[in-house]
Amino acid sequence: FYATADQDRNLGFGGLDGRGRKKQDPPIIRDLLLSLEDCYHGAVKKIKISRRVMNDDGITSSIREKILSITVKRGWLPGTKVTFEGEGDQGPNTIPSDLVFVVKDKPHTHLRRENTDLIYTAKINLGQALTGTTLHIEHLDGRKLDVPINEIVKPGYKKRIPGQGMPMMTNPDKFGDMIIEFDVEYPNGLNSDQKLYIKEALINNQP
């Protein structure tokens with residue numbers, strides 16, 4: 001079986017079991033890399049495989065190509081399995097193995113997911129962390145989310161936006177949340193005037 005041209009082939013030429021019955025080869029497991037957009041909207045993926053097929057004489061075999069179609073449903077999670085029964089290599093004394101594709105997420109430019117939640121890491125500077133800012137986040141469907149941050153961003157602070165995550169696998173009309181994490185960039189240094197200003201604003205005015 002070939003998933004791509006450079007993968008090692010599995011001839012699948014096993015033998016009979018002790019009672020003379022054909023045995024089925026173990027399943028062939030392959031990754032199915034999907035983008036977050038694929039799992040958000042749904043998609044159809046075409047995958048070309050090459051497999052060893054027995055010729056009509058029942059002795060010799062040849063390599064033949066085949067196109068498999070996978071309908072990606074909205075909300076599919078990593079670890080979701082798609083099984084094509086008997087699509088492995090054929091052998092004279094074996095039942096062809098099943099071909100199993102297991103969903104894995106492709107890396108995204110600015111989002112990742114945890115179950116049905118989307119995680120966004122916002123890089124802000126110390127001034128924005130203390131005085132507030134507005135984030136502009138591009139969603140998987142192309143929408144631009146303007147998210148005001150009015151709270152002081154303390155270490156470990158996260159902001160949750162309900163209903164802006166991934167579709168739920170069991171009910172694609174419902175969605176998880178978007179969770180914003182923060183990476184606060186501190187200045188490399190401060191001059192004397194800046195230090196004095198911070199002392200006046202944050203230290204000397206403490207009750």
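The values are calculated or read from the model by the stated rules, or taken from the named source; none is laboratory data. Being a predicted model, the structure only gives us computed values, none of them experimental. Here Cβ is always computed from backbone atoms with ideal geometry, including for glycine, and neighbour counts include all displayed protein chains.
Quick grid of which residues meet (1) farther than 22 Å from GLY42 by Cα; (2) in contact with a Phe, Trp or Tyr (Cβ under 8 Å, 6 or more places away or on another chain); (3) modelled with pLDDT under 95:
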{"position": "THR134", "(1), (2), (3)": "yes, no, no"}
{"position": "ARG143", "(1), (2), (3)": "no, no, no"}
{"position": "VAL147", "(1), (2), (3)": "yes, no, no"}
{"position": "ARG160", "(1), (2), (3)": "yes, no, no"}
{"position": "GLN194", "(1), (2), (3)": "yes, no, yes"}
{"position": "PRO207", "(1), (2), (3)": "yes, no, yes"}
**OP:** Go through (1) within 17 Å of the chain's Cα centre (by Cα); (2) surrounded by 17 or more Cβ atoms within 10 Å (Cβ to Cβ) one by one and return the number of the condition ILE28 breaks.
**Re:** (1)
Original post:
In the range 164-186, how many residues are touching a strand residue (DSSP E or B) at 6+ places or on another chain (Cβ under 8 Å), in a loop (DSSP other than H, G, I, E, B) and either among the polar types (S, T, N, Q) or surrounded by 10 or more Cβ atoms within 10 Å (Cβ to Cβ) (or both)?
Top reply: 7
Subject >> Failed condition for GLU138, given (1) modelled with pLDDT under 95; (2) more than 22 Å from TYR186 (Cα to Cα) >> reply: (1)
Subject >> Any chance THR134 is assigned to a strand (DSSP E or B), over 30 Å from VAL53 (Cβ atoms) and not small (Gly, Ala, Ser) >> reply: yes
